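A short worksheet on the structure shown next.
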Amino acid sequence: MEGRNLVEVFRALVPALSYATHKGQAGRIGVVGGSIEYTGAPYFAAMSAMRVGADLSHVFCPAHAATVIKSYSPDLIVHPLLNDNSMESVPLISSWFGRLHAVNLGPGLGRSPSSLQTAKGLLWSAVMQQKPLVVDADGLFLLSQEPDLVKNYEKAVLTPNMMEMKRLYFAVFKEDIPNMEPIENAVKNLACRLGHVTIILKGEEDIITNGKSIFRCTLPGCPRRCGGQGDLLSGVLTVFLYWAYQNSSEISGQADLHSKLASLPAPILASYSACHLIKLCSQTAFEKHKRSMVASDMLSELPHIFDQLFENVK
């Protein structure tokens, strides 16, 4: 199936706007991350989730990052619970996971031993609670130390760039990616070895695979490589992952769509659709701002690009 067909299938999983729905029904998302240096990453992840339709975005971050993140937007719910004491942080934050539909772990987390130890406990908790899970940024650094943390958990999506991909590959296979091997083979082999988690290798073309099927998002995006673009992708993906799992069982009266959904795992559908959307946002923002484009410009494009793709399709 071609990529554009994946977007068409996912369109049917986008929850319809209705006066009868209640707050939180379209998505309660949790972002675990942030540090004294990095406050923008969790903001972009949480805010992009809201901009595509999540009702509530929770950010779990250190106390010294919380006030800064709160100052970026009053729309986010910010919990200053991520601290150096994992024995204290993990139970406090995990207790919130039961109220959330999906979890995004890693944006701006940092790599201090205490942060990674807490992240390890929270990742395990998300898996135990069967939450759709996106692992990005410093969450991927954690997995490069302990890749078995997500092994066989097919509700997980990993979103490495090339450097992060190389670390993960070495951690699993104990060797570098072979120079002569097509990169899509390496990504597919890694997904297989991890038990068919879904991997998005971000790049000029995004490669998406669960080790069984493989897709490429070939939209051109933009030549601007400013920070924050991956955080926007991870936030959108977290919402899409929830929608794909939640709504695929509720489609009725469309035999052809049912057939397509049966052959397409939720993480593949969500991943391709999120990549497609973010590529279009970067393309549109770059056309307007050229070299001065920043991630905030892409965030501003999300509402109307989402509308074009998934709402008012002509």
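Can you work out the FRET efficiency for the pair Met162 and Ala63, with r the C-beta to C-beta distance and R0 = 51 Å, to the nearest 0.05? About 0.90, to the nearest 0.05. Placing a pseudo-label 7 Å from each Cα along the Cα-to-Cβ vector at Gln25 and Arg291 gives an inter-label distance of 5.0 nm. Across the chain, the relative contact order, built from alpha-carbon pairs under 8 Å that are at least six residues apart, equals 19 percent.
Rounded to the nearest Å, what's the spacing between the alpha carbon centres of the stretch 124-169 and the stretch 266-314? Just the number, please. First find each Cα centre; the distance between them is then 24 Å.
Under 1.5 on a/c is rounded, so check that first for the chain, then, if it is not, pick prolate when a/b is larger than b/c and oblate when it is not; a ≥ b ≥ c are the square roots of the alpha carbon gyration tensor eigenvalues.
rounded
In the chain, excluding the sites themselves, the longest stretch lacking any of the GluC sites (Glu not before Pro) that are in a DSSP loop with at most 12 other Cβ atoms within 10 Å is 38-174. Ligands, DNA and RNA left out, the 1.4 Å accessible surface of the chain is 51% carbon and sulfur atoms. Build a GNM of the chain with springs between Cα atoms under 10 Å apart, and of Gly211, Gly24, Gly34 the one that fluctuates most is Gly24. Within a straight-line Cα-Cα reach of under 28 Å, Lys23 can be paired with the following lysines, leaving aside sequence neighbours fewer than 8 residues apart in one chain: Lys70, Lys131, Lys155. Checking Cβ-Cβ separations below 4.7 Å across the chain identifies Cys61, Cys192, Cys222, Cys226, Cys281 as cysteines lacking any candidate disulfide partner. Among the trypsin sites (Lys or Arg not before Pro) found in the stretch 64-119, those both in a DSSP coil and sparsely packed, with 15 or fewer other Cβ atoms within 10 Å of their Cβ, are Arg99, Arg111.
Would you mind getting the accessible area per residue of the chain, heavy atoms of the protein chains only, 1.4 Å probe, in Å²? It amounts to 44 Å² per residue over the chain. The listed residues Tyr19, Tyr38, Tyr153, once ranked by accessible area (1.4 Å probe) with the largest placed first, stand as Tyr19, Tyr38, Tyr153.
The values are calculated or read from the model by the stated rules, or taken from the named source; none is laboratory data. Note that this is a predicted model, so its numbers are computed, not measured. So basically every Cβ, Gly included, is an ideal-geometry build from the backbone, and we count neighbours across all protein chains shown. Heads up: the accessible areas ignore ligands, DNA and RNA and are worked out on the full protein's heavy atoms, side chains in. Shrake-Rupley method; radii C 1.70, N 1.55, O 1.52, S 1.80 Å.
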